[in-house]
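To keep things clear, I will list the structure first and then write my remarks on it.
The values are calculated or read from the model by the stated rules, or taken from the named source; none is laboratory data. Just so you know, these numbers come straight off a predicted model, no measurement behind them. Positions of Cβ are backbone-derived with ideal geometry, glycine not excepted, and every protein chain shown enters the neighbour counts.
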Amino acid sequence: MTLKAAVLGNPIAQSKSPRMHNHWLSKLGIDGKYYAELVPLDGFYDTVQRLINEGFSGVNVTAPFKEEAYKIADDKSDLATQIGAANTLIFQNGKIIADNTDGYGFSQNILDQIPSWNTLGKHVILGAGGASRAIVAWLATSGAREIVIVNRSLDRAETLCNLGPQIRITSWENLSLELPDTTTLINTTSMGMNGQNNIEIDFSNAHKSLIVNDIVYSPLITKLLHDAKSVGFKTVGGLGMLLWQARPGFKAWFGVEPPLIDDELKGLMLK
Ligand code: ATR
C-alpha cells in the first residue's frame, strides 16, 4: 500500500515541502507520495477528515491553518499546546495527533552548523509572529537564561511573555544595548526577504561569540547575515530550519528516519 502524506495551506503553490519529502522517499525507495493540497479557507476540518478517510498517514500544516490544526487535534504534544499551533499532524487509528516541530527545526539547524551552540544563554528574537512563538517556546523550555523580544507592535510581543519567566521585551532603539551578553540574535520577521525592507543593526557592542541566525532563506544570505559576517560574527541561514522541521513528520508517517541533509537536497530546494 502506498503511504501518503501532504502539506495543507492557502496559498500552497510556494511550498517546498513536497520536493523535500518526495526526494527522501525516492532516496529510500519507499512506496510513498507527498502531496500539496490547496485548502479552502473554511475547509480545513473537512479536508483533514477526507484525507483520513483516504488513508493518509498525516500532514504538514502551513499558513493560515496552524492554529486550527492544533484545535482539531485529539492529542497534542506539550510544545504544540504551549504554542497553540501545530505544523505536523499524525493520523493514528482515526485520531489526530498534533505536534509543532518548528522550534526543533530552528535548534537543529544551528547545531548542524555550529555544534558548540546551546540553548542555555541569552537570546534576542526579532519578531513576534507564529515562527517567533515556536522558537521562543522551544528556547524557554530548553533552559534559556534570558529571552528578549523585539517587535514592531508591542501587544504581539506581550503575548509571548507568558511562555516563560525569563522572557521580556525591549525596543528596536535599545536592541544594541542587549548585545554585549547575547548568545544568539534571531530574525523571525519577514524583513530581509526578497522585496522587503532590510534590518539594520549596530553590532559594535556585541560579544565576539555572538551567533546571528536569520530564518529567512530567500535570499539565502540576507543583508543581516551579510552585515554580521562582515564584522566577524558567525551566521546561520534559514533554509536548514525548513529541512529539519520536516524530519519528525517524515519519520512518523513513513516509518523511517529520512537521510541526512546534504548539498543535493539544499540545491533541490533552491531551484
Ligand atoms: P510568521 O508566521 O512567519 O512568524 P507572521 O506571524 O506574519 O509570520 O509574523 C511576521 C513578523 O514580522 C511579525 O513580528 C511582524 O511584526 P508585527 O507583529 O508588528 O506585525 C514582523 N514584520 C513584518 N514586516 C515588518 C516590518 N516591515 N517591520 C517590522 N516588523 C515587521
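Here are the numbers for this structure:
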item	result
Single unsatisfied condition, Pro219 versus (1) assigned to a loop (DSSP other than H, G, I, E, B); (2) of a type outside the set (Lys, Arg); (3) in contact with a strand residue (DSSP E or B) (Cβ under 9 Å, 6 or more places away or on another chain)	(3)
Selection count, the stretch 168-216, where residues are within 16 Å of the ligand (Cβ to nearest atom) and part of a helix (DSSP H, G or I)	1
Filtered residues of the stretch 234-258 (kept if outside any helix (DSSP H, G or I) and touching a helix residue (DSSP H, G or I) at 6+ places or on another chain (Cβ under 9 Å))	Lys234, Thr235, Val236, Gly237, Gly238, Ala246, Val256, Glu257, Pro258
Qualifying residue in the stretch 75-82 (condition: without any contact (Cβ under 8 Å) to a residue 60 or more places away in the chain and over 20 Å from the mean Cα position of the chain (by Cα))	yes
Leading residue by the ranking (nearest to Gly105 (Cα to Cα)) among those in the stretch 217-226 that are surrounded by fewer than 18 Cβ atoms within 10 Å (Cβ to Cβ) and away from the ligand (no atom under 13 Å from the Cβ)	Leu220
Selected residue (criterion: farthest from the ligand (Cβ to nearest atom)) from residues of the stretch 131-152 that are more than 18 Å from Leu242 (Cα to Cα), surrounded by 20 or more Cβ atoms within 10 Å (Cβ to Cβ) and of a type in the set (Gly, Ala, Ser)	Ala144
Pick from the stretch 21-48, criterion closer than 19 Å to Gln92 by Cα and of a type in the set (A, V, I, L, M, F, W, C), ranking: surrounded by the fewest Cβ atoms within 10 Å (Cβ to Cβ)	Phe44
The stretch 153-167, subset within 8 Å of the ligand (Cβ to nearest atom) and not charged (D, E, K, R), residue surrounded by the most Cβ atoms within 10 Å (Cβ to Cβ)	Ala157
Qualifying residue in the stretch 24-36 (condition: within 19 Å of the chain's Cα centre (by Cα) and either part of a strand (DSSP E or B) or modelled with pLDDT under 95 (or both))	yes
Which numbered condition Pro115 fails, given (1) surrounded by fewer than 16 Cβ atoms within 10 Å (Cβ to Cβ); (2) within 16 Å of the ligand (Cβ to nearest atom)	(2)
Counted residues, the stretch 227-242 - those being of a type in the set (A, V, I, L, M) and surrounded by 22 or more Cβ atoms within 10 Å (Cβ to Cβ)	3
Residue in the stretch 120-130 that is part of a helix (DSSP H, G or I) and within 16 Å of the ligand (Cβ to nearest atom) present	yes
